[in-house]
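This report refers to the structure that appears directly beneath it.
Bear in mind that the values in this text are calculations on the coordinates, not laboratory data. Being a predicted model, the structure only gives us computed values, none of them experimental. Counting neighbours? That spans all protein chains shown, and the Cβs are built from the backbone with ideal geometry, glycine included.
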Amino acid sequence: MVLRFDEMFGQHGYIIQGKPAKFLTKPTITHLALCGFPAPHGNFDGFTTVANSLLPADCSWIFRHPNDCDNEFENHLAGALRNGDGILGVIRLNNGNCHVLPIIGYDGSDVTVYDPGPGTIETKAIGGFTFNRDCVLLTNK
C-alpha cells in the first residue's frame, strides 16, 4: 500500500522528518517505512482511494470513509464489529504522530486493538486510547 502511495503521488505523497522527501527516487518499502503521509493525500480519503485501487476487480469488499465520524465514531465502531466488517481507527502518539490500528473489539466502553508493528493486542477503556474519532470501514459492496 505504501508503494502504491508512491506510485500515485510520488514525492508529494510522503514526508520524512517533516520535510518533503524529494531526494527519494525509486524508494524501497524500507525507505518508505520511515515516512509519513501529509495532506492532501495523508488522510482517510487518500487511504481509501489507494486501498480500493489495490483490491481485485471482482472483490466483494470496499474501503469506505464515513463523513460523519466526528459525531458517530462509536456507532461506526459498534456497527462494524456487529456486522463482521473491518474497521481502522487512528490514535495520536505521544510524539504527535498518528498510528492506524485495526479495531477488533468494542463492548460499549472497552476497545481492543491489534497493533501489527509489534504484533500485540491491547484492550483499554475507549478514553484510554487517543482516538481522533475518524475511521475507515471495510464493508461489503
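Between L54 and N75, the FRET efficiency estimated from the beta carbon spacing at R0 = 25 angstrom works out to 0.35. Summarising the label geometry, the points placed 7 Å from Cα in the beta-carbon direction at D107 and I121 lie 1.3 nm from one another. If the segment from Y114 to C98 were pulled out straight at 0.36 nm per residue, it would be longer than the present Cα-Cα gap by 4.3 nm.
Rounded to the nearest whole angstrom, the semi-axes of the ellipsoid equivalent to segment 59-140, taken from the Cα gyration tensor as √(5λ), stand at 19, 14, 14, largest first.
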